[in-house]
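Have a look at the structure below, then the notes.
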Amino acid sequence: MDVFSCSIILYFTIMKVPEDWDLPSEGNDKLCARFSRAVYGTNPGMPYRLYTPKTNDRVPLVVYIHGADAYGLDNESQLSMHDIGTVLTKDSWQAKHPCFVLAPQCGQGSASFHEQATETICRIASIIVGSNPHIDTRRLYIYGYSAGAAKTFVILKKHPGLFAAAFAICGATDRLGIEKLADVPLYLMHAQDDTIVRASYKTPHDPDPVFLGSSDLYEEIRDSSSDITYKSFPVGYMKEHYGINPHCTWVPASEDEEIWEWMFKHVQESGG
């Protein structure tokens, strides 16, 4: 398991969500209602939601992984807590880029539990792809925020070539297998004053840290990557423009249509 995910889990197990956390926008509940509900497995299984577009064309499947603030089994929080999970189901986006959106919900647990969770997410995605001929396997995308971004990195390392593009918001990873991240088109986003998941773990006393924030990862693989973008918000930006915690960069992410256009332009030569 990517070691960093464990530290994110511990943070939200021990501490409450900060008071300056973002809130979902008015109308997000209506977008949440567009998703069907299911559970994969038992005892207790993994809840997930699936948005199915109104089209008979072959279209992308997007896998969205929430952060540790939405851990649970209610099959609701992964979508209702923020706008970032429902952004691609808006009418304006679906009119241009119809797509399926898979939103699994992870529970709290040990490192081995979360190791299994990443594989369960991939199994659910595989089942959905296999049972739906309207999914274009050349256009499978994945994104996540915070611990969901950490899980995104784990999945990309374990399953290179599966996804056509990935978007990791305020995430981090360890060094093991980072060369595999250079093989997938990757978009990174982070605020420089994020204290929950740091954009950089480098210090004068530790120039080669075990953990890599978005800034560190970008520096490590940008020369070997064929397609990597890093959007960094300066100190104070999130407070000044949004009045929220610097960790909550999923808010500007949900508003930045250029990122989603970037993601959807990527098509693999053959299905992953």
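So how many residues does the range 42-63 have that are in contact (Cβ under 8 Å) with a residue 60 or more places away in the chain and either under 22 Å from Cys248 (Cβ atoms) or part of a strand (DSSP E or B) (or both)?
8
Give the range 234-272 a look and list any residue that's hydroxyl-bearing (Ser, Thr, Tyr) and surrounded by 16 or more Cβ atoms within 10 Å (Cβ to Cβ), or say none.
Step one: of the range 234-272, the residues hydroxyl-bearing (Ser, Thr, Tyr) are 237, 242, 249, 254, 270.
Those that are hydroxyl-bearing (Ser, Thr, Tyr) and surrounded by 16 or more Cβ atoms within 10 Å (Cβ to Cβ): Tyr237, Tyr242, Thr249, Ser254.
Do we find a residue being more than 27 Å from Ala182 (Cβ to Cβ) and aliphatic (A, V, I, L, M) anywhere in the range 239-258?
Yes; the residues of the range 239-258 include at least one that is more than 27 Å from Ala182 (Cβ to Cβ) and aliphatic (A, V, I, L, M).
If you go through the range 231-261, how many residues are aromatic (Phe, Trp, Tyr) and under 15 Å from the mean Cα position of the chain (by Cα)?
Of the residues in that region, 2 qualify.
Return the only residue of Tyr145, Tyr230 being buried (at least 22 other Cβ atoms within 10 Å of the Cβ) and not acidic (Asp, Glu).
Tyr145
Give Gln108, Gln94 a once-over and let me know the one that is in contact with a Phe, Trp or Tyr (Cβ under 6 Å, 6 or more places away or on another chain), over 13 Å from Val63 (Cβ atoms) and either surrounded by fewer than 24 Cβ atoms within 10 Å (Cβ to Cβ) or not charged (D, E, K, R) (or both).
Gln108
Consider the range 199-215. How many of its residues are free of Cβ contacts under 8 Å to residues at least 40 places away in the same chain and under 20 Å from the mean Cα position of the chain (by Cα)?
3
Filter the range 120-142 down to the residues that are surrounded by fewer than 20 Cβ atoms within 10 Å (Cβ to Cβ) and either without any contact (Cβ under 8 Å) to a residue 12 or more places away in the chain or under 8 Å from the mean Cα position of the chain (by Cα) (or both) and list them by number.
Ser126, Gly130, Ser131, listed by residue number.
Here are some conditions: (1) aliphatic (A, V, I, L, M); (2) at pLDDT below 95; (3) over 18 Å from the mean Cα position of the chain (by Cα); (4) outside any loop (DSSP other than H, G, I, E, B). Val39 meets all but one. Which one does it not meet?
Condition (2) is where Val39 drops out.
When residues of the range 185-234 are filtered for being in a strand (DSSP E or B) and charged (D, E, K, R), how many remain?
Total meeting the criteria: 2.
Show me the helices (runs of 4 or more DSSP H) entirely contained within the range 64-182 in which 3 or more residues are β-branched (Val, Ile, Thr) and more than 17 Å from His266 (Cα to Cα).
111-131, 147-158
The values are calculated or read from the model by the stated rules, or taken from the named source; none is laboratory data. None of these values were measured; they are calculated from a predicted model. So basically every Cβ, Gly included, is an ideal-geometry build from the backbone, and we count neighbours across all protein chains shown.
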